[in-house]
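We did not get these values from a lab; they are worked out from the coordinates using the rules stated. Just so we're clear, the structure is a prediction, and the values are computed from it rather than from any experiment. Counting neighbours? That spans all protein chains shown, and the Cβs are built from the backbone with ideal geometry, glycine included.
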Amino acid sequence: MAKPDPILIPELADFIAAYLPAQSLAACLRVSRDWHGAFLPLLYRNIAVFDFDYHAKHVDHGHPSGSVTSSQRSATDVGYGGSRVHKYTHFTRTIVAANVHSFKYLGASCTRLTHASIIQNQNFTTARHAPPLLPQATRTAWNKYFAEHSFPRTVDLWVQLIERNPSLVCVRMDLEEVMHGSENIAEALGSLKHLQELTLFKPTQRNAVEIFLDHCPGIRTFEFISESPRTIFTPVEPARTTQIRHLKFGYPFAPEPRVCAYLLKRCPNLEWLTLPLNARLELLTTAGATINSLNIRSTLTRVDFDGNISLLHVPQAIFCSLVEPENVSSITFSRARVDFESLTYLADPGLRERIRVLVFSFALHIQAHNTVAVLETCPNLEVFELENAHISVHEFLDLNISCQASLTSLKLSISCTKEEAAAFEIDREIEVCSGIRQGDRVKKQDGIVGCLARLGALKSLTLEGTLNATYVSAFPLVPDDVMWTEFKNLRRLQMLRILGSIYNVHSPLMQTL
């Protein structure tokens with residue numbers, strides 16, 4: 001009796017599919033009929049497309065399907081993104097599209113969506129795929145087509161999609177071209193029992209924000225992305241509160257201060273606030289004053305700053321007003337451009353005591369001299385992550401980490417100069433030939449490992465490489481018996497990643513996974 005193919009176990013197929021791109025999933029369909037049945041629903045479960053009938057790419061060849069005009073196509077053959085997706089939309093759970101025009105081709109069988117997103121109402125951009133290179137005349141013709149046939153139907157297309165998919169949890173919509181009818185979409189959203197997250201991109205109808213929040217008071221996450229001049233808003237005192245826990249003002253645009261204040265007032269249970277760091281000081285000042293005048297002061301626990309700009313133009317007093325609430329213990333910076341002056345902005349001893357999570361992600365790879373100082377100044381820090389930045393091996397060895405007893409997750413990059421890397425390579429060759437651990441590289445590696453081995457609460461450790469190949473290199477850490485002996489004393493350590501390799505810290509030997 002033939003053994004069943006383990007790949008046909010649904011849980012295993014789901015696990016495998018999570019790590020495969022669409023092209024690989026399409027290849028799995030051609031292995032056998034059984035594999036076709038197992039992987040077909042997974043291929044169409046999450047789709048990210050251009051407009052189905054024109055801007056889709058063929059999976060097999062990767063070429064744009066734009067060589068055939070819409071007038072030459074049949075009504076049912078709308079390319080890979082159209083006819084085939086239309087046929088299997090009953091499998092689809094998530095759709096990300098560049099234009100609401102794409103929803104026209106989902107069909108009546110698409111009734112099980114949980115996530116529907118228009119990333120931006122641009123005809124040639126999506127979140128995951130590069131746009132096809134089309135002649136300017138073609139682009140102009142299609143822009144005209146969308147303006148005449150798609151944008152006027154934005155409200156109807158959204159309402160129809162929402163009514164067919166009562167299981168929607170997350171909705172992101174572009175309302176830049178919608179001057180009337182937002183209340184129809186909001187009413188449809190209000191009927192959803194599972195809606196948790198809503199994003200509005202550039203709403204232009206007057207008081208659109210108020211309309212959507214009035215109909216959807218139970219959502220937990222609300223993201224608002226709009227330029228100040230585009231927002232038509234009549235300030236009123238909020239009549240109803242919401243259950244919003246995460247309020248996000250999306251990068252790169254910053255709303256008017258009065259809109260920010262209005263939204264904060266509608267979120268009395270707010271726990272997580274995301275602000276664009278490129279905002280005007282007036283907005284940040286208004287946000288800080290509003291937070292500290294409401295009950296939010298006692299509920300807010302996390303503040304994120306997002307934006308391709310530095311904190312240099314933000315006075316310390318304004319920054320402190322945003323993180324002053326007594327329960328704020330988590331601060332994240334995304335797309336920062338310069339080193340964080342931690343000694344200046346975290347000068348308040350009470351704030352240093354409260355901080356549990358600090359995450360820094362830089363837009364440009366930098367040497368984070370001052371950022372890493374938080375390991376010395378925040379005694380109760382539990383999570384510290386440094387992305388797209390590095391600290392020299394000499395600076396790391398000089399650190400006096402004050403959060404040894406509390407730090408559970410650490411992610412950073414330790415670097416050395418190109419000259420040091422060349423010398424360390426020679427030391428490594430001598431080690432291999434002689435079989436004796438010696439030289440400056442071994443001394444510094446033992447120092448790094450010894451410092452990390454004192455972090456008794458550590459559960460996750462990631463030592464990354466450096467992307468700045470012009471000036472520095474990642475310190476050449478080489479796993480060996482001495483490193484393993486030190487790390488095995490970290491009883492709580494569950495995940496160890498060194499320069500891209502993941503190691504099993506619970507195995508008798510230091511094995512890579």
Ranked packing of 194-203, 16-25, most packed first, by mean Cβ within 10 Å: 194-203, 16-25
Diagonalise the Cα gyration tensor of region 379-510 and give the resulting equivalent ellipsoid semi-axes, square root of 5 times each eigenvalue, largest first, whole Å. 23, 19, 13
Just order 257-263, 448-454 by mean Cβ neighbour count inside 10 Å, highest at the front, would you? 257-263, 448-454
Whole-Hz ³J(HN,Hα) from phi, Karplus 6.51 cos²θ - 1.76 cosθ + 1.60, for region 455-464, glycine and proline x: 8, x, 8, 5, 10, 9, 9, 10, 10, 8
Straight distance only, please: which lysines reach the Cα of Lys443 with their own Cα at less than 26 Å, same-chain residues fewer than 8 apart left out? Lys411, Lys418, Lys459, Lys488
